[in-house]
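Let me begin by presenting the structure, written as C-alpha cells, before commenting on it.
The values are calculated or read from the model by the stated rules, or taken from the named source; none is laboratory data. Everything numeric in this text was worked out from a predicted model, so none of it was measured. Here Cβ is always computed from backbone atoms with ideal geometry, including for glycine, and neighbour counts include all displayed protein chains. Protein only, heavy atoms only, side chains kept; ligands, DNA and RNA dropped before computing areas. Shrake-Rupley method; radii C 1.70, N 1.55, O 1.52, S 1.80 Å.
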Amino acid sequence: MNHPSWAERDRRVLWHPCTPTRDLDDLPPIPIRSARGVWLEAYDGRRYLDAISSWWVNLFGHAHPVINAAIRDQLERLEHVMLAGFTHEPVIRLSERLAALTSLGHCYYASDGSAAVEIALKMSFHYWRNRGEHRRTRYICLANSYHGETLGALSVSDVGLYRQVYEPLLLQPLVAPSPDAYVRADGESAADVARRQMSVLEHLLEQHAGEVCAVIVEPLVQCAGGMRMHDPLYLRLLRAACDRHRVHLIADEIAVGFGRTGTMFACEQAGIRPDLLLLGKGLTGGYLPLSVCLVSDEIYNAFDSEHGSPAAFLHSHSYTGNALACAAANATLDLFESGDVLARNRGLAAHLARATAPLADHAHVAEIRQTGMILAIEMARDGKTRTPYPAAERRGRRVYRYALEQGALLRPLGDVIYFMPPYVIEPDEIDQLARIAADGIAQATTD
Ligand SMILES: *Cc1c(COP(=O)(O)O)cnc(C)c1O
C-alpha cells in the first residue's frame, strides 16, 4: 500500500551502495517489510527468495529463532561496553571458540570486513617494524582480487571498476596473476594453472626479497571478482612460498568462511594455516556488523610493549567487540554445533549441481562452476570460445530484473549468475531458483 511513497521518500534522502543513480529510474529499491528463512517480504505483499544471502552474510535464514533469542537475551544484560580497559562474556567466549576453530591464538575485532583488512595490513607491516625490518612496506595481492573498499583494502584489490577512480590515492601493491581456473589454457587442469601462476608469484617474492610484508588472498573463490575459483593446491604452494621468503600469509575468508566452501574454513581444504585470518559477513549469521582479524601467537607476541612505545598496536574502533554482535556470533556457532550443517550442505550442494546441470549445454553459458554452497553460471556471447558479451549490454542485469519479477533475488556480478543461498534453503526452493535462472538466462541471451 505504501510502496510508491516509500520509494519516493527513499529517493529523496538515501544514497544506495553499489548503485549508479540512473539505475534507480527503472529499478527503484524494493522496500522490504519483513523476512523469514530464505524469504523476503515486500510491503506490497510480494515475496523474494534470497538466493544470495543478502550479499553473502546470511547463513541460517532471516529471523532465526535461536539467533533472535540470543540477541534478545544479551540485550537485557549488556548492549555494549568499550573494549579498551573492559571485557565481557560474549566476546571472551567467541574468541575462545574462534581460536579453537582456527588454531590462531588472538582475536582483534572490528565491524566491517574492510576494517578487518585494514587491521591485517597495518598489523603485518607493524610486526616487521617491531622486528627491525624497516624495508618491508609492500603487499602482494592477486589479479581480480577484492578485499573491500576503504583505501587500504581497495589498494590490495584488483577489481577495475571499484578501483580506477581512486588510483591516485592508493598504495601500490605488487599484483600476482590469479590462479583462476576459468582462464586455463587448452589441456591444462586447475592444478596446472595453480602451479603456473605460483611460479610468477615466487619470482615476485625473489625480486622483492625483504620488501614484502604479506601476501593477501581470498582462499578458493574470488567472490566479487565473479565467483572465480581455483585449486586448493595453490594455497598449499602459497603457504610454502610465504614460509620460504618469510612473508605473512593473510587469508581473507570474509566471504568464504563458515562452511560456504564445504569446510568450516576454506584454508582447511589445503591443509594450511594462515598467519592472519579475516572473518566477517556470516560471522553473526547476517545479523549485525562484526569482523575479526585472527593472528598467530608469533605475531601477537611481537607487540609486547610498554606505555609510549611505538611497538604497541594502538588501532581502535568504537564498536570493537560489541556485545550484541558477539552474542549473535556465538548463537551462529551454536547452530553449527547443534546440527551437522556441513553434511546437510553437501546434500544441498549436490542438489544445486543437479538442478543447474542442463544449463551446461546452453549456447550462451561458458561454464558452470561450484565450490560447496557457491554455484556460478558464466554467460558469454559464445559459450564454446568463452567470448564475453560487451559489458555495456548488461545481460546480467536482465537476469536480475527477470528474477525479481519471478520472486527471486539473484544479483549477478556482471554476466555471472550465481547462487549463494542461506543453508536453510530446501531442495524444492533450489529447483525453483534453477528454473528462474534458466528462463532468465534464456530471455537475457535472446536479442
Ligand atoms: C565483502 C568482502 C570484504 C569487505 O567486507 P565489508 O564488510 O563489505 O567491508 C572483504 N573481503 C572479501 C573477500 C569480501 O567478500
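Only one of Tyr146, Tyr127, Tyr162 is among the hydroxyl-bearing types (Ser, Thr, Tyr), touching a Ser or Thr at 6+ places or on another chain (Cβ under 8 Å) and closer than 29 Å to Ser199 by Cβ; which?
Tyr146
Name the residue that is modelled with the highest pLDDT, counting only residues in the range 418-447 that are more than 29 Å from Asp340 (Cα to Cα) and of a type in the set (Asp, Glu).
If we take residues in the range 418-447 being more than 29 Å from Asp340 (Cα to Cα) and of a type in the set (Asp, Glu), then Asp439 is modelled with the highest pLDDT.
Quick check: anything in the range 66-73 over 26 Å from the mean Cα position of the chain (by Cα) and touching a residue at least 24 places away in the same chain (Cβ under 8 Å)? Reasoning before the result, please.
If we filter the range 66-73 for residues that are over 26 Å from the mean Cα position of the chain (by Cα), which is where we start, we get 69, 72-73.
Of the ones still in play, those that are also touching a residue at least 24 places away in the same chain (Cβ under 8 Å) are 69, 73.
Within the range 66-73, one or more residues are over 26 Å from the mean Cα position of the chain (by Cα) and touching a residue at least 24 places away in the same chain (Cβ under 8 Å).
Scan the range 201-219 and tell me whether some residue there is within 16 Å of the ligand (Cβ to nearest atom), assigned by TED's automatic domain parsing to the domain that holds Ile299 and either modelled with pLDDT under 95 or more than 23 Å from Gly271 (Cα to Cα) (or both). Talk me through it step by step, then tell me what you get.
Initial filter on the range 201-219 (within 16 Å of the ligand (Cβ to nearest atom)): 214-219.
Remaining after also requiring assigned by TED's automatic domain parsing to the domain that holds Ile299: 214-219.
This time we only want the ones that are either modelled with pLDDT under 95 or more than 23 Å from Gly271 (Cα to Cα) (or both), so: none.
So far as the range 201-219 goes, no, none of its residues is within 16 Å of the ligand (Cβ to nearest atom), assigned by TED's automatic domain parsing to the domain that holds Ile299 and either modelled with pLDDT under 95 or more than 23 Å from Gly271 (Cα to Cα) (or both).
Can you pull out the helices (runs of 4 or more DSSP H) entirely within the range 99-173 that have at least 2 residues that are over 26 Å from Gly257 (Cα atoms)? I'd like the intermediate steps shown before the answer.
Working: elements: 113-130, 151-155, 160-163.
Helices (runs of 4 or more DSSP H) meeting the threshold: 113-130.
Taking Pro358 as the residue in question, decide whether it is modelled with pLDDT of 95 or more and exposed (fewer than 13 other Cβ atoms within 10 Å of the Cβ).
Working: modelled with pLDDT of 95 or more: yes; exposed (fewer than 13 other Cβ atoms within 10 Å of the Cβ): yes.
Yes: the conditions hold for Pro358.
Report every pair of residues separated by at least 6 positions or lying on different chains whose Cβ atoms are under 7 Å apart, first residue within the range 331-352 and farther than 18 Å from His64 by Cβ, second in a helix (DSSP H, G or I).
Between residues of the range 331-352 that are farther than 18 Å from His64 by Cβ and residues that are in a helix (DSSP H, G or I), the close pairs are His351/Pro427; His351/Ile430; Leu352/Ile430.
Quick check: is even one residue across the range 280-287 over 16 Å from Phe125 (Cα atoms) and touching a His at 6+ places or on another chain (Cβ under 7 Å)?
Yes, some residue in the range 280-287 is over 16 Å from Phe125 (Cα atoms) and touching a His at 6+ places or on another chain (Cβ under 7 Å).
Can you list residue pairs whose Cβ atoms sit under 8 Å apart, with the first residue in the range 159-185 being closer than 19 Å to Leu220 by Cβ and the second being polar (S, T, N, Q) and in a loop (DSSP other than H, G, I, E, B)? Count only pairs 6 or more apart in sequence or on different chains.
Close Cβ pairs (under 8 Å, with a partner that is polar (S, T, N, Q) and in a loop (DSSP other than H, G, I, E, B)) amount to Val159/Asn144; Val159/Ser145; Ser178/Asn144; Ser178/Ser145; Asp180/Asn144.
Starting from residues that are within 14 Å of the ligand (Cβ to nearest atom), over 18 Å from Val217 (Cα atoms) and not hydrophobic (A, V, I, L, M, F, W, C), keep the ones in the range 102-152 and report whichever is surrounded by the fewest Cβ atoms within 10 Å (Cβ to Cβ).
Here the residue is Ser111.
Only one residue in Leu238, Leu283, Leu294 is open to solvent by less than 30 Å² (accessible area, probe 1.4 Å) and either at pLDDT below 95 or within 11 Å of the ligand (Cβ to nearest atom) (or both). Which one? I'd like the intermediate steps shown before the answer.
Numbers: Leu238 fails: either at pLDDT below 95 or within 11 Å of the ligand (Cβ to nearest atom) (or both); Leu294 fails: either at pLDDT below 95 or within 11 Å of the ligand (Cβ to nearest atom) (or both).
Only one candidate passes the filter, namely Leu283.
Of all strands (runs of 3 or more DSSP E) completely enclosed by the range 5-72, which ones contain at least 2 residues that are open to solvent by 60 Å² or more (accessible area, probe 1.4 Å) and not polar (S, T, N, Q)?
On the way: elements: 32-36, 39-42, 47-50.
The strands (runs of 3 or more DSSP E) meeting that bar are 32-36.
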